[in-house]
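Step one of this worksheet: look at the structure below.
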Amino acid sequence: MEQEEINFSDFIASSTHDMKNSLSIQIGFLEELMGGSRVKLDASTLDQLGHSIYEAKRMNTNLIQILSMYKLGKSIYPIDIAEQSVNEVLEEVVLQNQAIMEFKGISVSVDCPEVCFWYFDRDLVSGILVNALNNAYNYTTDKIHLVATINDQMLEIRVEDNGRGYPESLLQGNIADNKGVSFSTGSTGLGFYFSSLVAGMHKNGGKQGSLAIENGGTYGGGCFVVTLP
Amino acid sequence: MSTSLKQATTLVIDDFQSMRAMVASFLKTMGVTGIDSVGTAREALDLLSAKKYDIVICDYNLGHGKNGQQILEEARYKNYISYSTIWIMVTAEKTIDMFMGAAETKPDDYLLKPITESLLEARLKKLIEKKQFFAPVEKAVKAKEYIRAIALCNELLKTPSTSTQEIQRIKSDLLIMMGDFPGAKAYFESILLVRSTPWAKTGLGKVYFMTKEFALAQEVFQEVLNENKMYLEAADWLAKTHDAMGDLVQAQHVLTKAMALSPNASARQKNLADAAHKNGELDVAQTAYEKAIKLSEHSVHKSSSTFAGLAKVLTAKDEPSEALRVLERTRNEFKNDPDAALQTAIIEGMAYQKMGLPEKAEEALAAAEELMNDQPGKVSETAMMDMANTFFKLGKKEKGCDLLENVVKNNHENAGMIKMVESVFEDAGMVGEGDALIKKSTAEVVNINNEGVVLANEGKFEEGIKLLRQALKSLPNNDQMIANMCGMMIGQMVKNGKDDRIMFEVREHLDRVRKINPSNKKYNTYMNILNKLASPAA
C-alpha cells in the first residue's frame, strides 16, 4: 500500500489550533477561580495558581505565534493594517495581563498621549506587546512601563522594566537571528524572532518597521523597542 | 444602541457549554441582567427572530450547520437585527475567510480567544460609544439622505479617531452610490496620498471600473494584489475587469488563484464556476458549481442560479439525466421562488431536447413561458437567451426571435449583451437573420428616444413622458430610456414648478437606472439637478 504524503506543518498547525482552544477555556476558568477564591485560599496555593495562569498564558502566546508564523510563512496571513488608537491598544494589552501582574505585585504604567493614532495590524502588534510583557514579567523587579511616541513619521513603542536588563550576549547579536534554543534560560527565541518578523512586515513610504532591545530607559532595566512606519 | 451596558439585552451563542457559561458569567459580573445563551444556530435564529437584542456575542465555529457568519448574515437579511445591534464574533484565530471573504455583512468586532472579562468589558464599552458616534450617519444613510450623510461624515472626520477609515469608507460608498465618480476618484486619491492602503486603492480601481476605464482599473487592482496578495476583494474586481474586457481566460485564472487562498468563499467559487463555464471548461465548471453548492448549503444567500449553472454544464456535457436530477433538487430547495422555478423549467427544456424528447422539452418551455409572463421585467437576460437557444434547437424560430428582440430592446446600448445575443444566433446558424433583428430592434428604440427628445425640445414634456412610459411597458430594463424619461420629468418641473409626487417618482426611476447600470452617465447629472430642486432654497 502506498503511503499518503503527510504535510507535517499543516498537521502541526491544526493540532496547535486545537491545543489553543483547550488552553483558552482553561485560562478562562483559572482566572475565574482566582478571582473567586482570593480570600478562601492560603497565600502559597494562590501563588501556585497565579503561576499556572502565567505559564498557561505563555503557552497560549507561543501557540498564537506558531499559528501566525505558519500563516506568515505560507503568505496566507490576512494582514489588516488599519488606523488604531495606540492608547487603546496599550491599555488593552495591559488589561489582558492585569490579573497576573497584580498577583506578582508588579505595577504596569502606560504613557501615551490620549490622541495618538497609527496604522498597524492590531492583532499582530498586540501579539508582540503581549510577548514583551511576558518577558518583562519574568525579568522585572516590580515595575513595567509602556511608552508610545511618534517621531519623524515613525511610531515607537517601548516596554521598559526595572530588572537587571538584558545580558550583554543578547544585546550584541542581531536580534532577528535569535532563533536558538537556550536550555539554561528556557528561552526559545521564538518571541524575538516573531516580533521582528511582524515589525518588518509593516512598511510605508519606503520605510520598514523594526525591533530592538537595549538596557536603560526610565528605570535603567531592559527595554524592548518596536518601531513602526 | 441607546442603552447602557447594564441594561443591554444580550445573546451568547457558542456550541461549548463551558464557553457559554464563562461568557455569561463575565457578563453577569459586569452587571448585565438580560442574558440568553444558546448552543446551536437554529436556537439562535429562533431567539433572534422573536426578541430584540442589543448585543450578540457569537462563536464563529459552531461545529455542523451554520457558522457564526452565516447566522449574522441571515439575521441581518431577515431584519432580526438592526444597525444598532452590536455583534461580536469570537474566534480562535484569524482566518482569511473571515477577513477577506466577499462578505458584505461584517460583525462590529472580532475577539480572539482567550477572552477575559476585563477585555470583553472594555471592548463592549468602546463599541457602545462607537454605535452612538455613528448613529446620525447611519440614520441619514437609511433615510437615503446621502448629501446630509456626507456632510455628517465630513464633520466626524474633523477629529482623529479609530473610526477614521470606516467613516472614509462610508463617505466613499456614498459618493459612488450617488454616481459622483470624479468626486469619488479625487477622494480615494487624497486618501492614498497620506498612506497606501489596499481598501482605498481598490476603491480607486472600482471607480475606474464603473467609468469603464478598464485598463486603468486592471492596473490598479493588480497593484493592490502585488502589494498584498491576501486582499482578495481586489482579485474579485480584477476578475470582473478581465471579464468586462472580454478576457475570460484571465478572469478564470485570477479567480482560481484567489480560491486557492480562501477555499471557503462560496460567492467567489460561484464566479469561478461561471467563468469556467463561459470558457467552455466544463469539468472545471462542474467541480466549481458543486463546491459552491456545498459551501452555501447553510447560507441565507444560497442561489438557485448556482444549481442552474450546474444543470446547464451537465446538459452541455451530454449528461442530461444527471442535469434533471439536479433540477429536481433545485425545485425542492427553492420552493415558492418564481425565479428558481423559471430557471428550472428552461433548463429542463434544454435537457429534454438533448435527450431527444422534443414534446417534453416543449412542455417544459411552455411552463417557462407562463412563469415568465407572471413576472414581467424581472426575468434575467441569461434566462431569456437560454430559452431562445432551446426554442431554436426545437425549430421554433419565431419564439426564439421574440425573446432575443426583447433582450436587444432592453439593452440596446450594452455591447456585451448584444454580443451574447449574436452568439445565440450564431449557434443556431442564423447569423444573417440575427444581424437584421438586432439592427431593426435597436433602431426602434433609438427612434422612440429621438421622438421623445423632439417633444421635450418643443416643451411638450407631458406628451414625451407619455410616449416613453408607453414604450417602457415592453422594455422595462432599458436604463437609457428610463433616464431620458427622468430628464423630461425634471424638465416639466423646471417649467411648472416642483411637485413632490413627480419628485418621488423620478427618484424611484433613477434608483432603478443605477441598479440596471451603475455607470449610466445621466444618473449623476439628474440626481444633482434633483437634489438642487429638492433643497428648500430652490
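Where a number appears in this text, it was derived from the coordinates with a stated rule and is not lab data. Since the structure is predicted, the reported quantities are computational estimates derived from the model, not experimental observations. Cβ coordinates were reconstructed from backbone atoms using ideal geometry, including for glycine residues, and neighbour counts include every protein chain displayed.
The figures follow:
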read-out	value
Whole-angstrom Cα spans of segment B:253-342 along principal axes, big to small	35, 31, 17
Calculated FRET efficiency for the pair B:Lys466/B:Lys439, C-beta based, R₀ 30 Å, to 0.05	0.65
Amide proton proximity set for A:Ile81, modelled H, under 5 Å, gap of 5+	none
Relative contact order (percent, whole number), chain A, Cα cutoff 8 Å, 6+ residue spacing	16 percent
Peptide-level mean, for A:75-88, of C-beta atoms on other protein chains within 10 Å	6
Isotropically averaged projected area of chain B, using the convex hull of Cα atoms (one quarter of hull area), nm²	27.1 nm²
Long-range Cα-Cα pairs in segment A:81-229 (distance over 22 Å), rounded percent	36 percent
Modelled FRET efficiency - R0 22 Å, A:Asp111 with A:Met154, Cβ distances, 0.05 increments	0.80
Contact order normalised by residue count of segment B:5-136, Cα under 8 Å, 6+ apart, percent	23 percent
For B:Lys498, net neighbour charge (Lys/Arg +1, Asp/Glu -1) across residues whose Cβ lies under 15 Å away	+1
Spin-label proximity, B:Lys212 to segment B:459-500 - amide N less than 13 Å from point 7 Å beyond Cα toward beta carbon	B:480
Over segment A:27-149: Rg over Rh, Cα atoms, Kirkwood Rh	1.01
Linear extension gain, A:Glu91 paired with A:Arg164, 0.36 nm per residue minus alpha-carbon span	23.8 nm
Approximate spin-label separation B:Asn450-A:Ala43, in nm, with each point projected 7 Å along Cα-to-Cβ	10.1 nm
Sparse-neighbourhood loop sites, trypsin sites (Lys or Arg not before Pro) in segment B:411-503 - DSSP loop, at most 16 other Cβ within 10 angstrom	B:Lys460, B:Lys498
Estimated distance in nm for a label pair at B:Arg331 and B:Gln132, the labels positioned 7 Å out from Cα along Cα-to-Cβ	5.7 nm
Distance histogram in 5 Å bins (all Cα pairs of segment B:119-178, percent per bin)	4, 18, 28, 23, 14, 8, 4, 1
Loop-resident sites, segment A:15-68, for trypsin sites (Lys or Arg not before Pro), counting at most 15 other Cβ within 10 Å (DSSP)	A:Arg38, A:Lys40
Helix-only CD estimate at 222 nm, as mean residue ellipticity for chain A, using -39500 (n - 2.57) per DSSP H run (n ≥ 4)	-17000 deg cm²/dmol
Label zone at B:Lys78 (point 7 Å along Cα-to-Cβ), backbone N below 13 Å, segment B:282-324	B:299-301
Proximal aspartates and glutamates relative to B:Lys440, as straight alpha-carbon distance under 15 Å, when same-chain residues fewer than 8 apart are discounted	B:Asp402, B:Glu405, B:Glu413, B:Glu422
Calculated P(r) of segment B:446-534 - Cα pairs past 15 Å, %	54 percent
Over 14 Å [Cα-Cα, segment A:1-78], rounded percent	70 percent
Cubic angstrom per residue, convex hull over Cα atoms of segment B:176-297	101 Å³
Whole-Å semi-axes of the ellipsoid equivalent to segment B:374-429 (Cα gyration tensor, √5λ, descending)	17, 14, 8
Computed [θ] at 222 nm, helices only, for chain B once each DSSP H run of length n ≥ 4 contributes -39500 (n - 2.57)	-22500 deg cm²/dmol
For segment B:224-254 versus segment B:380-411, the gap between their alpha-carbon centres in whole angstrom	31 Å
Crossing angle, helix B:198-210 versus chain B [Cα axis fit, 0-90 degrees, rounded to tens]	20 degrees
Net +/- balance of residues flanking A:Gly222 in space, Cβ distance below 15 Å, scoring K and R +1, D and E -1	-2
Where chymotrypsin sites (Phe, Trp or Tyr not before Pro) fall in DSSP loop in segment B:1-101, at most 11 other Cβ within 10 Å	none
Residue pairs, from the table B:Lys78/B:Lys335; B:Lys78/B:Lys270; B:Lys212/B:Lys317; B:Lys144/B:Lys185; B:Lys240/B:Lys521; B:Lys66/B:Lys144, whose Cα atoms sit over 26 Å apart	B:Lys212/B:Lys317; B:Lys66/B:Lys144
Two-site FRET efficiency, B:Lys397 against B:Met503, from Cβ-Cβ distance with R₀ of 35 Å, rounded to 0.05	0.15
Using alpha-carbon coordinates, inclination of helix B:41-50 to the longest axis of chain B, degrees	90 degrees
Extension gain from B:Gln222 to B:His298, taking 0.36 nm per residue of separation minus the Cα-Cα distance	24.1 nm
Debye intensity ratio I(q)/I(0), log10, the protein assembly as shown, q values 0.05, 0.08, 0.09 Å⁻¹ (C-alpha model)	-0.33, -0.81, -0.99
Size of segment B:5-136 as Cα extents on the principal axes (Å, biggest first)	39, 34, 30
